[in-house]
Every structure is written in structure tokens, then in C-alpha cells.
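Only one structure is covered here, and it is reproduced in the block below.
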Amino acid sequence: MSVLKPRRVDFHAHLDLYPDLAEAIRRCDAEEVATLAVTTTPRAFPRNLELTKGSAFVRVAIGLHPQLVSERGSEISIFEDLLPETRYVGEVGLDASPRHYRSFDQQKMIFERVLRRCARAGDKIVSVHSVRAAKHVLDMVEKFLPPERGRIVLHWFSGSVSEARRAVDLGCFFSVNERMFANPKGQALIRAIPENTLLTETDGPFVERDGTPVSPGDVGPVLEALGKVLSKTPEEVSRLVNGNLSRIVS
Ligand code: MN
């Protein structure tokens, strides 16, 4: 991801959930958006990798989404086999919301295996989901993936301000999307995140704007909203985020 200077950063996008994956990749390259294409199952990873072979700006992460663990947990062995193919991991993590709480114990087993494998391999960059599970995610990161063995990027973090501070102490980064600014709690949380740990993301196509999924790389509204919080212009925020990205990948 350090090859070229990007114009913007979209550090968590599901390119393969748009109607045309190849077109989504082309768009990120044409617009010079450094994009982390996360995947939700290990089986989805090889096609993403294949289609991004010539891409200057898109990198593919191998993931096993916590919301899919109850059906796809057995694919953890495929995850482990394919992990050497990429430096990037995600979407992984924990989800304790009512619909997914039944699989929470299984999610923890899978996430522990993911973190241990990443720690053993070293130098992985991991995009982590933590819905209603910030404390558990941070406990596991602390235990299984020390900062010198890998980097955690908390995607769409929704824990408390004190949990955000704990995450910073554990060396975590944060990828922030436009929906996080929708309420005062989210805004307070973002103010508590140090600016040198901030990245931008769309989380498209899950994040929608006026009922339509945001396009890959369309982080303009995030840059504006962050600018208001940080008293910076969107261009200054963009430079800040680019600098943070280079530190993460270096
Ligand atoms: Mn996601």
C-alpha cells in the first residue's frame, strides 16, 4: 500500500459485495484511493487476490466475519492455509449484538486462532470488528497480539471513551466512517481518538447515504466531518490520514 502516494484512504471496504468487483477495483485505482478490500470468508479471498494482481492501490485482506462464524467457522483452516498470501487480515473480530450472541463463544475461539496465527507470522495488519464487544476484543488483542507482532485497526469502533483510550495504549489504530458522526456519542468518541491513530473508511456497501450504498473510496464526507472535529480542512485531514497510513504499513 506504500507503493504510490494515494489521494485518499479507504481502509475498510467490501469491494466484492458490490455488483462488479473488477469495476470496483478499477475505480479505486483510477481515483488513486489506497483501499483495503476486506473479505468476509476465506473462500472469497482467492478471487479478490487474483483480480487485484495488477492494482497499484488496492490490497486484499483475508477475513472470517464474526457474523458468519456460526455457518462458516470451519473455514478457519482455509484462513490459516491462505494467511501467508497476504499481509492484511479482515474482517475479523467479535459481535455480541442480539442476532449473533449465540455464536459468541465460537467467535472467541476463532478470533483467538486468528490473533495467534497473526502473532506467529508477524507484521500483519488486522481490520477488526467489535460490535458490543469492545472489552472482549481488547482483552484478546492484549493477550494474543502484542503491538510488536502486528497492528490492529479497529474498524467502526463503538466502545466507550475509556475503551478507546485503552485501545490506544494497546497500540491500536482506528478506521472511521461517516456513520460514526451521526450521533453525539460517536462524535465524543472520535474526539477522544488521537489524530495520529486515525484512518478513513467507507465500509461500503454496508454504509449508505440517502438510501444508496456509498461508493468504494468515497470518504469525502468522513474527511469533512473529521475536519470539523479536528479544526482542519479536509485536505489537511487527508494529509494526516496519508501520513498515518504510511506509518502503519512501514
Ligand atoms: Mn465491514
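The values are calculated or read from the model by the stated rules, or taken from the named source; none is laboratory data. The shown structure was predicted, so the numbers you read here are calculated from the model rather than taken from an experiment. Heads up, the Cβs are rebuilt from the backbone with ideal geometry, glycines too, and the neighbour counts pull from every protein chain shown.
Structure notes:
- Sole exception among (1) away from the ligand (no atom under 15 Å from the Cβ); (2) in contact (Cβ under 8 Å) with a residue 24 or more places away in the chain for P19, by number: (2)
- Single residue of F45, F57 found to be more than 16 Å from the ligand (Cβ to nearest atom) and either in contact with a strand residue (DSSP E or B) (Cβ under 6 Å, 6 or more places away or on another chain) or under 19 Å from L245 (Cβ atoms) (or both): F57
- Candidate set: the range 159-188, residues that are of a type outside the set (D, E, K, R) and at pLDDT below 95; chosen: the one surrounded by the most Cβ atoms within 10 Å (Cβ to Cβ): G186
- Some residue of the range 198-217 being surrounded by fewer than 19 Cβ atoms within 10 Å (Cβ to Cβ), of a type in the set (A, V, I, L, M), farther than 13 Å from F11 by Cβ and out of contact with any Asp or Glu (no Cβ under 6 Å at 6 or more places or on another chain): no
- Screening R87, R99 for residues that are within 15 Å of the chain's Cα centre (by Cα), modelled with pLDDT of 95 or more and more than 15 Å from the ligand (Cβ to nearest atom) leaves exactly one candidate, R87.
- Where S130 falls short, out of the listed (1) in a helix (DSSP H, G or I); (2) within 16 Å of the ligand (Cβ to nearest atom): (1)
- Options L83, L68; residue that is within 18 Å of A13 (Cα to Cα), touching a residue at least 24 places away in the same chain (Cβ under 8 Å), of a type outside the set (D, E, K, R) and in a helix (DSSP H, G or I): L68
- Applying the set (1) closer than 28 Å to P213 by Cβ; (2) away from the ligand (no atom under 16 Å from the Cβ); (3) not β-branched (V, I, T) to K135 leaves exactly one unmet item: (1).
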